[in-house]
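Q: Below you will find the structure I want to go over with you.
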Amino acid sequence: MTFKEKISNLLEEGLKQKPSLFLVDLTITETFKVIITLDGDNGVNLQDCIDISRAIDSNLDREEQDYSLEVASAGVSSPLKMVRQYQKNIGRTLKVKTATETIEAKLESANEESITLCWTAREPKKIGKGKETVEHKREIPYSEIKEAIVTIIFN
């Protein structure tokens, strides 16, 4: 079993103990620096990171393979990568970049294939002068999303 397979198996076991957590990214560098990024349906706290780190660290032998281990939560400004991340952020405002545009809108829904965004905009009236408020709703497949980040709004 390779070092990466051992890490993956131990990580999987650790995450089974905390079903609200999920893996966003696992990177193992050439110098055996293990970087694990987690997210959770209810967020990730320090204790969650400690528990996952211990689940891995306590089952590996540094004499067999020297390594460093870093377990962290996906940052507030980290792009969304997984369907589960989109689903946990329904109702929040996202900044979504596609190949042709950037849309800042409320995430209305997220399924396995796409997300649905809703927003209002002031646009010129179709007839006459002035502007009117127009409601927009658009479904965007994940394949078209280049980057999506949750927008933090301070009230």
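The values are calculated or read from the model by the stated rules, or taken from the named source; none is laboratory data. Fair warning: this is a prediction, and the values are worked out from it, not measured in the lab. Here Cβ is always computed from backbone atoms with ideal geometry, including for glycine, and neighbour counts include all displayed protein chains. Accessible surface areas use protein heavy atoms only, side chains included; no ligands, DNA or RNA. Shrake-Rupley method; radii C 1.70, N 1.55, O 1.52, S 1.80 Å.
Q: As an exercise, find the ratio Rg/Rh for the chain from alpha-carbon atoms, using the Kirkwood inverse-distance average for Rh. Please report the intermediate quantities before stating the final value.
A: Numbers: Rg = 20.5 Å, Rh = 18.0 Å.
Reported Rg/Rh, Kirkwood definition of Rh: 1.13.
Q: For Phe22, Phe3, what's the largest-to-smallest order of accessible area, 1.4 Å probe?
A: Sorted descending by solvent-accessible area, the residues read Phe3, Phe22.
Q: Turning to a different aspect of this structure: Taking loop as defined by DSSP and a crowding limit of 14 other beta carbons within 10 Å, which trypsin sites (Lys or Arg not before Pro) in the range 30-71 fit? Intermediate results must be reported in sequence, preceding the final value.
A: Values: sites: Lys33, Arg54, Arg62; in loops: Arg62.
Listed in order of number, the matching sites are Arg62.
Q: Here's something else I'd like to know. Could you work out the helix-only [θ] at 222 nm for the chain, with each DSSP H run of four or more residues adding -39,500 (n - 2.57) and the total divided by the number of residues, to the nearest 500 deg cm²/dmol?
A: Working: 3 runs with 32 residues, N = 155.
Value at 222 nm, helices only, nearest 500: -6000 deg cm²/dmol.
Q: While we're here: Considering the chain as a Gaussian network with a 10 Å cut-off on Cα pairs, which listed residue, Glu63, Glu112, Glu12, attains the greatest mean-square fluctuation?
A: Judging by the Gaussian network model, the answer is Glu63.
Q: On the first, second and third principal axes, largest extent first, how far apart are the outermost C-alpha atoms of the range 62-120 in Å?
A: Result, largest extent first: 59, 22, 20 Å.
Q: Hey, what's the range 3-124 come to in accessible area per residue, 1.4 Å probe, Å²?
A: Numbers: 6980 Å² over 122 residues.
Here the residues of the range 3-124 average 57 Å² of exposed surface.
Q: Can you give the alpha-carbon Rg of the range 88-141 over 2.2 N^0.38 Å, where N counts its residues?
A: Its radius of gyration relative to the 2.2 N^0.38 Å reference: 1.32.
Q: Taking only Cα atoms and a 10 Å spring cutoff, compute GNM fluctuations for the chain and point out the largest among Leu23, Leu11, Leu46.
A: Of Leu23, Leu11, Leu46, the Gaussian network model singles out Leu46 as fluctuating most.
Q: Which percent of the accessible area of the range 1-134 is formed by carbon and sulfur heavy atoms (probe 1.4 angstrom)? Each step should come with its number before you reach the end.
A: Values: 3890 of 8210 Å².
Here it works out to 47 percent.
Q: Also, I was wondering about something else. Select from Val134, Trp119, Leu10 the residue farthest towards the positive end of the dipole of the chain; place +1 on Cβ of Lys and Arg, -1 on Cβ of Asp and Glu, and compute about the Cα centre.
A: The one lying farthest along the dipole's positive direction is Val134.
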